[in-house]
Amino acid sequence: LLHHFRQKGVSDPNAPPFYATMKVAIALVTVFAVAFAHPHTEKVSVALDKDFLAAYLNASTHYGDPKAGCESDEISAQIQGISGDFCTSKCSLVKACPTDVPAGVTAKPQCALQTPTGDKYCALICSPSSKDGGQCGTNASCKAISGVGVCTYDD
């Protein structure tokens, strides 16, 4: 029987019905393989959202100069005993300080300040003895208080 299949071509009208069935099965498998081999993607025309673009282009960072305005989650703060002010946001054990600092700042954000009512706030902690004068960024400087430093914007 196998010898008969080899000698008879697929197009042979005397070939057993097995060849016709196999021919259809192979054709169907090929069609499905091609159809599902390339995922269908729908093209959608998109553009940047105007609100996003406006916010992105006007983006600023946390810990900025209050004269230029603070972020929506910040207030202007001044530490008793040192000159200058800065923008700061609330923090806690479960709410970390924002890490987006102004360009060039190497001081680290820390949840280091506390009000008389117990509210905690972030500050850029710096080293007042460091020779790196730029650790607080443009128009700000590292002010010593209780053995550490805090970045403030000079008035």
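I'm trying to understand the selection: among the residues of the range 146-155, which are within 15 Å of TYR63 (Cα to Cα) and either of a type in the set (Ser, Thr, Tyr) or surrounded by fewer than 22 Cβ atoms within 10 Å (Cβ to Cβ) (or both)?
Those that are within 15 Å of TYR63 (Cα to Cα) and either of a type in the set (Ser, Thr, Tyr) or surrounded by fewer than 22 Cβ atoms within 10 Å (Cβ to Cβ) (or both): THR152, TYR153, ASP154.
Let me confirm something: among LYS95, LYS43, LYS67, LYS90, which residue is loosely packed, with under 10 Cβ neighbours inside 10 Å and at pLDDT 65 or above?
LYS43
Residue by residue through the range 107-141, note down the ones that are of a type in the set (Asp, Glu) and either under 16 Å from ASP85 (Cα atoms) or not in a loop (DSSP other than H, G, I, E, B) (or both).
The answer is none; no residue qualifies.
In the range 63-106, what count of residues is obtained for those that are in a strand (DSSP E or B), under 12 Å from THR152 (Cβ atoms) and hydrophobic (A, V, I, L, M, F, W, C)?
Final tally of qualifying residues: 3.
Is it the case, given these coordinates, that ALA55 is assigned to a loop (DSSP other than H, G, I, E, B), under 30 Å from CYS136 (Cα atoms), of a type in the set (A, V, I, L, M) and modelled with pLDDT under 90?
no
I'd like the full set of residues that are touching a Ser or Thr at 6+ places or on another chain (Cβ under 8 Å), buried (at least 19 other Cβ atoms within 10 Å of the Cβ) and aliphatic (A, V, I, L, M), limited to the range 108-145.
Selection gives ALA123, ALA140.
The values are calculated or read from the model by the stated rules, or taken from the named source; none is laboratory data. Remember, predicted model here, so these are calculated numbers, not experimental data. Please note: Cβ atoms are built from the backbone with ideal geometry, for glycine as well, and neighbour counts cover all protein chains shown.
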